[in-house]
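The values are calculated or read from the model by the stated rules, or taken from the named source; none is laboratory data. Keep in mind that this is a model prediction, so the values were computed, not measured. FYI the Cβ positions are ideal-geometry reconstructions off the backbone, even for glycines, and counts take in every protein chain you see.
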Amino acid sequence: MTFQKVISETTLLHVLPTIPIHYFQPLLNALICAALLALVAIPARAETGSAGKLSMKLEKSRLYLGESTNISITLQSDGATTIRNMHYPALVARGVTIDDFAPPRQLEYLHDGVTTINYEFTTRITPNAAGLIQLGPARLSGEVSELASGAGSFFGETTAKQISLSSTPLDLTVLPLPTTGRPSDFSGSTGRFTMNTSAQPTILESGDPLTITTRISGTGNLDNARCPEVRTDDFKSYPVQARNSGTSLQCTQVLIPINPGSPTVPQVRFSFFNTSSGRYISLQSVTIPLTVTEKNLLKATTPPPASRTVPQKPAPLHWWYLIMVSLAGTGGLLLIRRFRAKPTVPASASRRERHRELPSSALYLHSAEQALSSADVEHFYSTVFRVLELMHGELTIQNRKEREALLADCDAVRYGRYQPGHHEMEDVFTRVKSLHSLIQLDATGV
């Protein structure tokens, strides 16, 4: 009898006993407290690195008195730092004039895989005294972002931190300008310059204005530059008007030739100190020839030329044409004989003929009165000048002097940039009106 051992397979379930959660609560509380204590103990740090470094650099560290140079103030920071609300730098310096800073430039550099960002501020300085001058330190303020302290840092919160940076001072050596060889017209300009002079117009009538324009340009300091001025007995000259842009100087002057002929605009000179060569340079213009003709006072009142007619083809010669020519010749002889029998025209009548342009001057006088009432200075003096131009004839010495004085008043306003008051304009109009009345009475023989 065979016996078989039967082994029955049964699934054994290993069930762990259930542990209540409150057994782990003390451990969880301990872990949370430890984490909070660790966060509180972390010191506040910049979010993206350090604030940076401030430095200064001079374009030239050795200058002549009055010479200008550029100075740059640079904030260098790493590429990860964010700087906000950055102010313009403050530069402490005595004995120099500091211009306004130009808008900053942001320059980015990459070296050995490290990014550096520079914020560069540039301005110009001009020394006012010779000697050794200390520049700086320069100071710059702004804000950087840093992680909030305490529990706020756990959630990535940031706060703004004020920063204030200072640079190392720099020394500037200022040399005095030499006195040996200094030109008499030197006004303090330093650098390198060129000069160009022109005159317009070069063909004109006596009494008409011409404008002399002198342009001085180059590199250097023109702050104290004086415009060259033309003074000669051949011209009536007016003050020079200057326009200085910092890099160039434009000078304009009005001249009025006194007499007709071929006068020349004399040379003008401009002197400066060349800081590269260390010596004074004088620029001199060339003389400008002019052609001045006699003033044509009748030009404005001369009637326009008659319109040209188209030439007609001559008609055929008839017998009656000869009769008409004979009659016309006879009539002409009779008129000549009658004219010779007439008495001579008196001088007073001749004066009346020469002053027939007075009605047109009366119109200009009325226009000047309107300009006076509306306070239009330019139109008033231009119209008064026109009235005086039309007053040509047999003037007495006293009237001629008064006319010349009034013309000079007009020129002072029109070309000399003189700004008259209303009372002065009223006085000029009264004098012109009185002179016009005197000449009118003289013309009528009263």
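One residue stands out among those in the stretch 87-145 that are of a type in the set (Asp, Glu) and exposed (fewer than 14 other Cβ atoms within 10 Å of the Cβ): the one that is nearest to residue 77 (Cα to Cα), which is 108.
Within the stretch 238-289, if we keep just the residues that are charged (D, E, K, R) and under 24 Å from the mean Cα position of the chain (by Cα), the residue that is modelled with the lowest pLDDT turns out to be 243.
Regarding the stretch 69-79, can at least one residue be identified that is surrounded by fewer than 13 Cβ atoms within 10 Å (Cβ to Cβ) and over 25 Å from residue 247 (Cα atoms)?
no
Of everything in the stretch 259-289, what is touching a Gly at 6+ places or on another chain (Cβ under 8 Å) and surrounded by 15 or more Cβ atoms within 10 Å (Cβ to Cβ)? Give them in sequence order. Of everything in the stretch 259-289, those that are touching a Gly at 6+ places or on another chain (Cβ under 8 Å) and surrounded by 15 or more Cβ atoms within 10 Å (Cβ to Cβ) turn out to be 272, 273, 274, 275, 280. Quick check, is residue 424 of a type outside the set (Val, Ile, Thr), surrounded by fewer than 19 Cβ atoms within 10 Å (Cβ to Cβ), in contact with a helix residue (DSSP H, G or I) (Cβ under 9 Å, 6 or more places away or on another chain) and at pLDDT 80 or above? So residue 424 passes the test.
What are the pairs, 6+ residues apart or on separate chains, where a residue within the stretch 272-290 that is closer than 26 Å to residue 174 by Cα has its Cβ under 6 Å from a residue that is part of a loop (DSSP other than H, G, I, E, B) and not charged (D, E, K, R)? Going by the 6 Å Cβ cut-off, the qualifying pairs are 272/189; 273/177; 280/181; 280/183; 282/183. Please determine whether any residue of the stretch 209-230 is at pLDDT below 90 and not small (Gly, Ala, Ser). Yes, there is a match, as at least one residue in the stretch 209-230 is at pLDDT below 90 and not small (Gly, Ala, Ser). Whenever a residue of the stretch 86-114 is of a type in the set (Asp, Glu), its partners that are modelled with pLDDT of 90 or more, lying with C-beta atoms within less than 7 angstrom and at least six residues away or across chains, give the pairs 99/123; 99/124; 100/123.
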